[in-house]
Amino acid sequence: MVFNDHLQRILEAAAIPGALARSVMDEAAAGPSFILDLLTAIEGDPYLWILVDKKHALPPGYEPDDLVELTGPSYLVNRKGLLLRSPAAESLEEMAAAARAEGVTLIASSTYRSYTYQEEVYARNVRQSGQETADRESARPGHSQHQLGLVVDFGSIDDSFAVTKAGRWMVDNAGRFGWSISFPQGYEAVTGYRWESWHYRYVGRELNYFIDTYFGGIQQYALQFLHEWTQAEL
């Protein structure tokens, strides 16, 4: 009973909607799998599941210490100097090799952005599109998943990516390599950003399994839940 009450409070604090919250409660009541999968998902590197959104910023001055330059060979880069954290880069190569074996070429177009670079990106978007539009499409500095060094924007970085061979392949296969779409279609009210079919965050296979199995594949819900779970005390 104590655990159920605790779980209910976490779900409410994480703003998990009713039907999904009830599903999680049912899964937790069915046996130990939920809690075991949860503990596995948050084991290890906390930056795989840290909540970075409009309300939650990265620690001041955060910069990954294991960034590597992307060089392929199984994928293409649209310019030199693109960086990812080492685990994400290794997974990208593995994923891209699997895609290439099926006749699909992945193109990495945008990856790690420093706080300073995100300042420039956000300011440019505000100048070009206005504050309201910029906030639907661009994160304020310190609030961008790109600063984690775990995100790749693929291909054209526009809506056309969704209907390309690469875009369709990613929908079907990215999860098995630990990549999760951050801003899915129809969830702008939840994520704060319009649909970005090209924006994938590396979360690792275990966390991606947790996202897909218990939170309907919606990364934002799962990360909000994990944020509240790790902040609370039973």
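The values are calculated or read from the model by the stated rules, or taken from the named source; none is laboratory data. All figures in this text were calculated on a predicted structure; none of them were measured in a lab. Because the Cβ atoms are built from the backbone with ideal geometry, glycine has one as well, and the counts that use them run over all protein chains shown. We work out accessible area using only protein heavy atoms, side chains counted, and drop any ligands, DNA or RNA first. Shrake-Rupley method; radii C 1.70, N 1.55, O 1.52, S 1.80 Å.
Table for the structure above
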{"read-out": "Hits in region 173-196 - residues which are over 19 Å from Phe215 (Cβ atoms) and either touching a Leu at 6+ places or on another chain (Cβ under 9 Å) or of a type in the set (D, E, K, R) (or both)", "value": "Arg194"}
{"read-out": "Residues being open to solvent by 50 Å² or more (accessible area, probe 1.4 Å) and under 26 Å from Glu119 (Cβ atoms) - total across region 57-76", "value": "8"}
{"read-out": "Among (1) within 19 Å of Leu67 (Cα to Cα); (2) modelled with pLDDT under 95, the one test that Ser144 misses", "value": "(2)"}
{"read-out": "Ala166, sole failed condition from (1) open to solvent by 30 Å² or more (accessible area, probe 1.4 Å); (2) farther than 30 Å from Arg22 by Cβ; (3) of a type in the set (A, V, I, L, M)", "value": "(1)"}
{"read-out": "Checking Gly142 against (1) open to solvent by 40 Å² or more (accessible area, probe 1.4 Å); (2) in a loop (DSSP other than H, G, I, E, B); (3) not acidic (Asp, Glu), the condition it does not meet", "value": "(1)"}
{"read-out": "Residues within region 188-223 that are over 12 Å from the mean Cα position of the chain (by Cα) and of a type outside the set (Gly, Ala, Ser), tallied", "value": "13"}
{"read-out": "Count - residues of region 195-213 that are open to solvent by 10 Å² or more (accessible area, probe 1.4 Å) and under 17 Å from Met25 (Cα atoms)", "value": "2"}
{"read-out": "Region 148-168 residues that are on the phi > 0 side of the Ramachandran plot, paired with ones that are open to solvent by less than 50 Å² (accessible area, probe 1.4 Å) and of a type in the set (Lys, Arg) (beta carbon under 6 Å, 6 or more apart)", "value": "Gly149/Arg85"}
{"read-out": "Of residues in region 8-20 being open to solvent by 40 Å² or more (accessible area, probe 1.4 Å) and of a type outside the set (Gly, Ala, Ser), the one nearest to Ala189 (Cα to Cα)", "value": "Pro17"}
{"read-out": "Subset of region 188-234 that is of a type in the set (Val, Ile, Thr) and part of a helix (DSSP H, G or I) - its residue that is nearest to Val2 (Cα to Cα)", "value": "Thr230"}
{"read-out": "Members of region 145-187 found to be under 16 Å from the mean Cα position of the chain (by Cα), assigned to a helix (DSSP H, G or I) and of a type in the set (A, V, I, L, M), listed by number", "value": "Leu148, Met170, Val171, Ala174"}
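For every residue, the table says whether it meets (1) open to solvent by 20 Å² or more (accessible area, probe 1.4 Å); (2) in contact (Cβ under 8 Å) with a residue 60 or more places away in the chain.
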site: Arg22; (1), (2): yes, no
site: Ala29; (1), (2): yes, no
site: Glu43; (1), (2): yes, yes
site: Leu51; (1), (2): no, yes
